[in-house]
Every structure is written in structure tokens, then in C-alpha cells.
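First up is the structure itself, then whatever we jot down about it.
The values are calculated or read from the model by the stated rules, or taken from the named source; none is laboratory data. As the structure is a prediction and not an experimental result, all values here were calculated from the model. In this analysis, Cβ positions are derived from the backbone assuming ideal geometry, glycine residues included, and neighbour counts consider all displayed protein chains. Calculation scope for accessible area: heavy atoms of the full protein, side chains included, ligands and nucleic acids excluded. Shrake-Rupley method; radii C 1.70, N 1.55, O 1.52, S 1.80 Å.
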Amino acid sequence: MNELAFVSKRNDIDKALKLLDDAARLSVANNYKKGTATNYLYEAGIYEQNGYSKNALPLYYKSLELSKAIDDTFNVARANQQIAKALMDGNDLTEAEKLFKEAMANYKILNRRDDLVNIENYLGRIKLQQKDYVTAEKYFSEALRESKEVAYGYGLKKANYYLGVLYLEKNNLPKAKVFLSNALTLDEQKNDKYGLSLAKIKLSVVACKEKHYEEAVKLAKSALQDAHAISAMQLEIEAVETLKNVYNYQKNYEKVIEWQEVLIDQQKQIYDKERSFALQFLDILKKKQEEQLAFEKQVLQAEHKARFTYLILSIVGLGLVILSVLAYVCYRNYLNAKIYSKELAAKNAVIEENALMLRELNKAISIQNTGLAETNQMKNKLFSIISHDLRAPFSSVKGVLGLIQSRSMSDDEIKRVMGLLNRELEVAMGMLHNLFVWAKAQLEGSVINLEPINLYNLAEENIEFALSQARQKNISLINAVPTNALALADKERLSFVLRNLLMNAIKFTYGNGEISIHTEDLGDKVAIAVTDNGKGIAPSNLNKLFTEQRFTSLGTAKEKGTGLGLMLCKDFVESLGGTITVKSTEGEGSTFFVVLHKALQADIQETAESRHQYQEIHHNN
């Protein structure tokens with residue numbers, strides 16, 4: 001089943017994961033540890049193949065530890081190789097090199113020369129990235145020699161290709177051309193479109209450096225056709241980048257702009273495709289987790305049933321023994337029988353009490369598992385959305401920078417372009433800040449420090465933070481909070497909420513507008529209100545706020561947003577035991593209310609005592 005899953009993973013991920021799930025259960029049921037280790041290895045490969053290296057690495061390490069425990073040299077080598085590849089992709093080259101060498105030692109023991117060639121090519125690539133050209137050439141040359149000896153076609157073409165890349169980096173164009181042409185010939189024999197596209201892109205770069213521009217354009221366009229034939233969109237982007245650079249060398253700026261537009265369109269297509277695929281893959285993972293939870297629940301129920309059956313049989317057996325003894329001794333042991341009956345009743349009561357506790361424990365575990373699954377699902381969706389949404393602004397930045405490098409621009413054009421860059425980067429920075437705050441709050445061991453917070457001081461701090469943004473639109477910020485207003489909250493979380501509401505108010509308020517922060521006394525609670533006289537919110541959009549579905553719109557000055565701020569504000573306010581609501585009239589403005597518990601005198605005294613104790617301990621130490 002593991003091998004069937006390995007074959008299926010490129011065409012049908014759902015089927016592959018189901019096969020791996022069945023294989024895992026069979027391996028555990030039969031205590032087949034090698035099967036379990038292989039199962040971890042292949043499941044991790046699926047996660048890494050789909051861009052989830054953080055999910056893959058723990059499984060690779062599990063496979064490695066289990067394979068070492070059963071002295072499975074081959075799987076130890078494979079696990080080390082896969083971990084090293086993941087580390088190399090993450091640019092941890094030193095640790096990756098160490099693990100590749102460990103894998104190489106195991107493959108030598110097993111005399112797996114094809115795998116040795118692959119490792120040598122990987123080590124060469126590490127040295128190439130480190131600009132250690134001498135060592136890199138040594139590894140690639142050894143891979144080339146051994147590939148010829150064992151007639152290993154894949155290793156042979158890769159060694160030729162990377163030697164060509166190495167000499168291209170060293171600007172030794174004749175040698176680069178020879179090895180890249182060799183790789184191209186081998187790819188043509190296998191009709192490997194992916195390899196053909198890679199080799200032609202590098203040969204186009206060589207031709208461009210030799211100032212053979214027509215040949216460079218021809219090779220780059222041919223590489224683009226090969227990549228398009230197999231829907232390799234990342235290779236298509238590389239081919240278009242190469243074409244754009246060739247025309248740039250020719251100073252044909254009209255063609256540069258034309259291919260820049262093609263490049264932006266391809267980046268948008270790959271972004272849309274990857275976003276759709278990521279969401280589908282998350283749904284598959286969710287389904288797998290649900291099936292795993294259901295299976296674990298069945299196992300737990302079966303264990304409980306077996307224990308209960310054993311308990312009943314034990315009680316019945318004990319009862320039969322007691323009845324036999326009673327029948328034998330009859331009246332002579334009548335008084336002793338009464339004592340036994342009392343003891344039996346006490347034991348039954350204990351058993352019932354334990355059974356009740358076990359049911360409550362199972363219920364608590366079920367609730368906890370559900371909560372963990374939902375939190376994990378939210379984390380994956382949030383990271384997936386943010387990682388993909390970051391591509392758009394950074395792709396735009398890259399495209400504009402490329403355009404600036406390709407031709408000279410007037411001062412007005414530069415000012416307009418820099419304004420565009422600034423807006424794109426502000427969106428990206430806002431998204432990263434929200435992600436950082438959310439991730440910090442979710443860290444294991446993160447605690448909510450509830451203490452009396454002076455709301456006037458907190459409002460003053462956040463107005464100071466937002467002042468520069470408000471001045472850009474000539475907006476007045478007013479602190480109307482009483483100086484003695486207190487709430488029971490975590491200062492960092494409440495400050496994040498107030499800062500987000502204040503920045504949102506600035507975003508949706510017109511120039512020369514006014515924003516105020518004030519409070520309302522609600523008995524044992526206090527409401528913190530942020531009011532603006534901006535554009536307001538349409539009634540149809542009010543229900544879209546504070547939900548898990550992102551909603552964002554442009555500000556009065558066309559400012560962009562991330563759509564994550566209010567979602568995180570709601571999460572933080574609820575973690576403080578409060579609520580967040582909004583009232584808005586379109587065209588007149590909005591007011592956001594955060595309702596929290598007041599800080600009572602006992603809370604203030606307790607906080608003061610805690611600080612005094614901490615200062616005494618610190619002084620004594």
C-alpha cells in the first residue's frame with residue numbers, strides 16, 4: 001500500500017493519503033515498524049511536494065528515528081536525504097551538507113550507485129550556492145564519471161547541466177555551452193520537456209553574453225514553448241525573464257515592456273493556480289484529520305468496551321465463587337456472607353464512580369480534540385492565505401523595480417512609482433504585523449495577563465502611535481476618556497485592538513475629519529468607543545465584519561487593507577472576556593464598541609501586592 005501511494009501521489013493526492021492511512025493502520029496492527037517508517041517518509045513527501053515543508057520535517061525525523069531503531073540502513077539514508085533536501089530549500093546549507101554526507105555513507109554500504117550520484121549532484125549544488133566552485137566542480141565531475149559507468153541517464157544529464165551552470169557563473173562561456181548542450185541532447189533523447197526548458201534557458205543566457213541575440217531569443221522562446229507544453233508555469237516565468245533580459249541588453253525597451261506584461265500575467269496565473277490548489281489541499285488535510293480522529297475514537301471505544309466486558313466478567317466470576325462458597329457453607333457462614341455483600345456493594349460503587357469519571361474524561365478529551373483541530377485548521381488557512389496574498393504586492397514591486405532598472409525615468413514618473421511601491425509595501429507590512437501578533441498569541445505557554453489598565457493612558461499611547469498617519473489626512477484625534485477610567489485586561493492585547501480600530505478609523509475618514517476615543521459606564525463593565533465622521537459602512541457589509549471570511553475595502557484615500565485586523569480584534573477581545581460591536585450610518589461615520597469588565601478595587605490591590613512581592617524577590621536575589 002505504501003508503494004501504491006507513492007505511485008499515486010503525483011496524480012491523486014486524496015487517493016495517496018487514503019492508501020497511506022490504511023497502510024499505517026496495518027503496520028501498527030501487525031507491529032511492522034519498517035512499514036510505519038516508510039509510511040512516515042511517503043506522507044512527508046506529499047506534504048513537501050505541495051509546499052508544506054514544516055508539516056513534512058517532523059514526519060521525516062520520525063521515519064529517521066524509527067529506521068535507526070530497527071537498523072534499516074536504506075530508510076535511514078532516504079530519510080537523511082529528504083531532510084537534507086528540505087533544509088537546502090530552506091537555505092540551511094551547513095546542516096543539509098552534513099545529512100547528505102551521512103546518506104552518502106549509507107548508500108556506499110548498500111552499493112547503491114545511482115543514489116550516490118544523486119547525492120553528489122546535491123552536494124555540488126550546495127557548494128555552487130556557497131560559491132565554492134572548486135569543490136562543486138569536483139562533485140559534479142565525480143557524478144558525471146559514475147553516471148557514465150553505471151549508465152544512469154538521469155544523473156548524467158543533471159551532472160552535465162550543473163557543470164554548465166557552474167561554468168556560466170564563472171563566465172567560462174565555451175565550457176558552459178559544451179556541458180549545457182550535452183544536457184540538452186540527453187533531454188531530447190528522453191523528450192524531457194522540463195529538462196529541455198531548463199537547458200535552453202541557460203543556453204540562451206550564454207548566447208546573450210556572447211552577444212548572439214537572435215540565437216538567445218530563439219532559445220528562450222523554445223524554452224517557453226517546452227515549459228508551456230507541460231504547464232510548468234514557474235519555468236515559463238524564468239523563460240520570459242530571460243527573454244526580457246535579452247531585449248534589455250539590446251535596448252529594445254518596447255519588447256521589454258511587452259514581455260514584462262506577459263510576465264505579470266503569468267505571475268497572476270500561477271498565483272491564482274497555487275491559491276486554488278492550496279485551498280484544495282487544505283480541504284484534503286482536513287478530511288484526513290477528521291478520518292484520523294474518527295479512527296482514534298473507534299479504537300478508544302473498542303478499548304473501553306473490552307475493559308467494561310472484562311470488568312463484568314470479573315464481577316460475574318466473583319459472584320459465582322461467592323455463591324458457590326455460600327452454597328457450600330450455607331448457614332454456618334451466613335454472617336460472613338453479609339460482610340462480603342457489603343464489600344461487593346462498596347466495590348460496585350467505586351466501579352460506577354470510576355466509570356462516570358471515565359465518561360467525563362472521554363467527553364473532555366473529545367472537546368479538546370475538536371478545539372485543537374479547529375485551531376490547527378484556522379492556523380493553516382491563515383498562513384496559507386497570507387503567504388499567497390504576499391505574492392501579489394511583492395510581484396508588483398519586483399516588476400516595477402525591473403522596469404526602473406531597464407530604462408531611465410523622469411522625476412514625476414519616479415515619484416508616482418515610489419508612491420505605488422509605498423502602498424504595496426504598507427499592505428505587506430500590515431499583513432506581516434497582524435500575522436506576528438496572532439502567532440505570538442498562539443504560542444504554547446502564552447498567557448493572558450489580566451490587570452487594571454488605565455484607559456486614558458492607553459488611548460493617549462495609541463493616539464501618539466497613529467498621529468503621523470492622521471496628519472497625512474489632516475484628521476484630528478481626540479482623547480475624551482476620563483483620566484480615572486479602568487478596565488481589567490491584558491495591556492498588549494487591548495492595545496493591539498485599540499490601535500487597529502484607530503488605524504481603521506483614519507483609513508475610512510475623509511481629510512479634515514475628526515476621530516475620538518471615549519468610554520461609557522455600563523455598571524460592572526465599561527465600553528471603550530472609537531468614533532469617526534468618515535464614510536461609514538453600508539448595511540449590507542455590516543454582517544461581513546468580525547467573521548472568519550476576510551472582508552476589506554479601499555479607504556477614503558484608496559488605502560488598501562489586509563482584511564485580518566477585525567478578525568484578530570474579535571479573537572483578542574473575546575480572550576479577555578469581552579465583546580466587540582459596531583454602529584454605523586453610511587455617509588455619516590462609524591463607532592466601534594469594546595465592552596470589558598471594570599477593574600475593581602480588589603483587582604488593583606492584588607496587582608499591587610503581586611508587583612511588591614516580585615520586587616522583594618528581585619531585590620533579595
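Give me the extension gain from LYS148 to LYS211: residue separation times 0.36 nm, minus the current Cα-Cα distance, reported in nm with one decimal.
Stretched out fully, the LYS148 to LYS211 stretch lengthens by 19.3 nm.
Taking 29 Å as the cut-off for C-alpha to C-alpha distance, list the pairs among LYS127/LYS255; LYS62/LYS305; LYS175/LYS218; LYS305/LYS342 that go past it.
From the list (LYS127/LYS255; LYS62/LYS305; LYS175/LYS218; LYS305/LYS342), the Cα-Cα distance tops 29 Å for LYS127/LYS255; LYS62/LYS305.
What accessible area per residue comes out for segment 88-232, rounded to a whole number of Å², with a 1.4 Å probe?
In whole numbers, segment 88-232 has 50 Å² accessible per residue.
Considering only the other residues whose Cβ falls under 12 Å of the Cβ of VAL582, what net charge follows from Lys and Arg at +1 and Asp and Glu at -1?
Within the 12 Å Cβ shell, the charges total +2.
For a quick check: with amide H placed at 1.01 Å from N, whose amide H comes under 5 Å from GLU514's, ignoring anything fewer than 5 positions away on the same chain?
Correct list: SER476, ASN533.
Give me the net charge for the shell around ILE119: Cβ to Cβ below 12 angstrom, other residues only, Lys and Arg +1, Asp and Glu -1.
Spelling it out: positives minus negatives among the neighbours equals +1.
Ranked from highest to lowest mean number of other Cβ atoms within 10 Å per residue, what is the order of the peptides 140-153, 194-207?
Averaged packing, sorted descending, gives the order 194-207, 140-153.
To the nearest 0.05, how large is the calculated FRET efficiency for ASP524 and ILE351 if R₀ is 56 Å and r is the Cβ-Cβ distance?
It comes to 0.75.
Quick one: with all protein chains in place, what share of the accessible area of segment 27-98 is carbon or sulfur, to the nearest percent (1.4 Å probe)?
Carbon-and-sulfur percentage of accessible area, whole number: 48.
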